[in-house]
Amino acid sequence: MSLSAQPQPTEEDLSRQMEEAGFEVELGQNEHGIDAWINGIAGALGAAALVTVTLLVFANASLRYLFNSGLIWADEIVIALIPWLTMLGMFLSVRRREIIRIEHFANRLPPGIRRVVAAFADLLSAASFAYLAFVSFDYVSLFGTDKTTYLKLPKGWFTSALLVGSILLALAFLVDLARTVRARKAGAAAPEGAAR
């Protein structure tokens, strides 16, 4: 009995099979070009904020317990960096498609309807963050010039994390929407090409 050579599936065939099986190729594993550049900057800023918060909290706690003194201004910086850290983390999770999603019901839908639901969710998320950006702009405009208690820095430097982060998140969801639509068009064009 002779075994005939099986044709090797192409990368496109494997990608389509994975998508049909419900798997997503993580964006973080295939970052290149502008994606890698944007995510690298956001990741570096987030890491810098996290390291700063960690060092300040550790230094302040050590000084208080060991020497009964502390850096009175450290809490201001820590509280101010938390919104930036949060927004940068959310931005990266959306960009890398690692944001928490409840897909129990969506995974039970046929692939075409699942893509429509994903596109609608991306559009709704983008609209929600655009609205949050609008509200945040009003907040920063009203209270951004207030000074912090000890360092006398404008609070707008820190509260603008809501504004900037919301804009970035809305854009990230719109990019995800564009990718979903592009994948849907590519999936629809593939059977037509195979039929020819």
Query raised in the report: Do we have any residue at all in the stretch 80-93 that's farther than 23 Å from I41 by Cα and either out of contact with any Gly (no Cβ under 7 Å at 6 or more places or on another chain) or of a type in the set (V, I, T) (or both)?
Result: no
Requested in this report: Sort out which residues of the stretch 90-120 are open to solvent by 40 Å² or more (accessible area, probe 1.4 Å) and modelled with pLDDT of 90 or more, and write them in order of number.
Outcome: M90, F120
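Take the stretch 156-166 and flag every residue that is free of Cβ contacts under 8 Å to residues at least 60 places away in the same chain and either open to solvent by 20 Å² or more (accessible area, probe 1.4 Å) or touching a His at 6+ places or on another chain (Cβ under 8 Å) (or both).
Listed by number, the residues that qualify are S160, L163.
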Report task. Could you give me the residue pairs with C-beta distances under 9 Å whose first residue belongs to the stretch 134-151 and is part of a helix (DSSP H, G or I), whose second residue is of a type in the set (D, E, K, R) wherever it lies, and which are 6+ apart or on separate chains? Result -> V140/K155; F143/K155
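The values are calculated or read from the model by the stated rules, or taken from the named source; none is laboratory data. Remember, predicted model here, so these are calculated numbers, not experimental data. Reconstructed Cβ throughout: ideal geometry from the backbone, glycine too, with neighbour counts over all protein chains shown. When the accessible area is computed, the model is the full protein with side chains, heavy atoms only, and any ligands, DNA or RNA have been set aside. Shrake-Rupley method; radii C 1.70, N 1.55, O 1.52, S 1.80 Å.
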